[in-house]
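Before any comments, here is the structure.
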Amino acid sequence: MAPFQLTRRQLILMAGGASAFTLLGCNPRKQTMVTLYTFGDSVLDCGRYNEFGVHPGQLLVQNDDRLFPEFKGKDLASRGSARLEHRARDGATVAGLPSQMQGLQVNGKAVALITVGGNDLLHGLIQDTGAGMTTFANALNTFVQQLPIRPVLLASVYDPTLGDDSRNFLGVEAAIARKNLQRMNTSIQDIASRYGQFVDLHAHFLKGDPSWFTATIEPSLRGASEVRRAFLPQVMAQV
């Protein structure tokens, strides 16, 4: 059998065709839609706490270059087609996570972000002696296990006092509060290691300052961007 050879004309036509596909947006990699899902509490649903209505999920999908020029080109949209399905709700506790899954239909490439636990602490776990924290961990484990999205990026709970006992607003001895925050974050990290990846929001926010917060405990505009910063490397590693 004679060896297969392409003429110069055929090579030019093939190259032209490939270029046309690229120009028409037919690059398969570029056309793979990535959906970012947010679940949890006001750490991800903090738009009402700043004048621009900005929250971390929006910034991860498409940065606001006017507000945050440092992050220009550092978002999912810069890599191809991306969309946000925002399900996190301000005030949510671990018991409310299953309701955020209602009607969930996952098609194609997806990444899930979860922030939860802060409100559970405020509702009593901050002074828990054992059983309540176990219940929290079991409920979170069940939710993540049943969530039909992988990878899952699960964040620790930050400390709005920035490690400063003089900023304690809880009416609970600071040593007790910090111990229970640590217990919760250890549980979250254990669950993340089973089903996905851990994002250490607690450690990141300890590097911050009071401007990262508003209304004592909520992420400010700067705080929303810093939540984004903490998630960004692991989110971008998925595309």
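The values are calculated or read from the model by the stated rules, or taken from the named source; none is laboratory data. Note that the structure is predicted; figures quoted are calculated from it, not measured. No Cβ is skipped: glycine too gets one built from the backbone with ideal geometry, and neighbour counts run over all protein chains shown.
Descriptive notes on the structure:
- For Q145, the test of being farther than 22 Å from G91 by Cα and among the polar types (S, T, N, Q) is passed.
- Residue under evaluation D159, criteria (1) under 16 Å from the mean Cα position of the chain (by Cα); (2) closer than 17 Å to E218 by Cα; (3) acidic (D, E), criterion not met: (1)
- The stretch 33-82, residues that are among the hydroxyl-bearing types (S, T, Y) and touching a residue at least 60 places away in the same chain (Cβ under 8 Å): T35, Y37, T38, S42, Y49
- Test: residue in the stretch 35-45 that is part of a loop (DSSP other than H, G, I, E, B) and more than 23 Å from R89 (Cβ to Cβ): no
- The stretch 58-90: number of residues that are basic (K, R), surrounded by 15 or more Cβ atoms within 10 Å (Cβ to Cβ) and more than 14 Å from the chain's Cα centre (by Cα): 2
- Considering residues of the stretch 150-176 that are aliphatic (A, V, I, L, M) and within 17 Å of L122 (Cα to Cα) only, the residue modelled with the highest pLDDT: V157
- Screening Q189, Q197 for residues that are of a type outside the set (A, V, I, L, M) and under 25 Å from Q58 (Cβ atoms) leaves exactly one candidate, Q197.
- Within the stretch 198-225, being part of a strand (DSSP E or B) and either surrounded by fewer than 18 Cβ atoms within 10 Å (Cβ to Cβ) or of a type outside the set (D, E, K, R) (or both) holds for F198, V199, F213, T214, P219.
- Selection count where residues are within 19 Å of the chain's Cα centre (by Cα) and either on the phi > 0 side of the Ramachandran plot or polar (S, T, N, Q) (or both), scope the stretch 103-141: 7
- Residue, farthest from L67 (Cα to Cα), within the stretch 200-221, restricted to residues that are of a type in the set (A, V, I, L, M, F, W, C) and touching a Pro at 6+ places or on another chain (Cβ under 9 Å): I217
- If you filter the stretch 116-149 down to residues that are surrounded by fewer than 17 Cβ atoms within 10 Å (Cβ to Cβ) and assigned to a loop (DSSP other than H, G, I, E, B), you find that the one that is modelled with the lowest pLDDT is G130.
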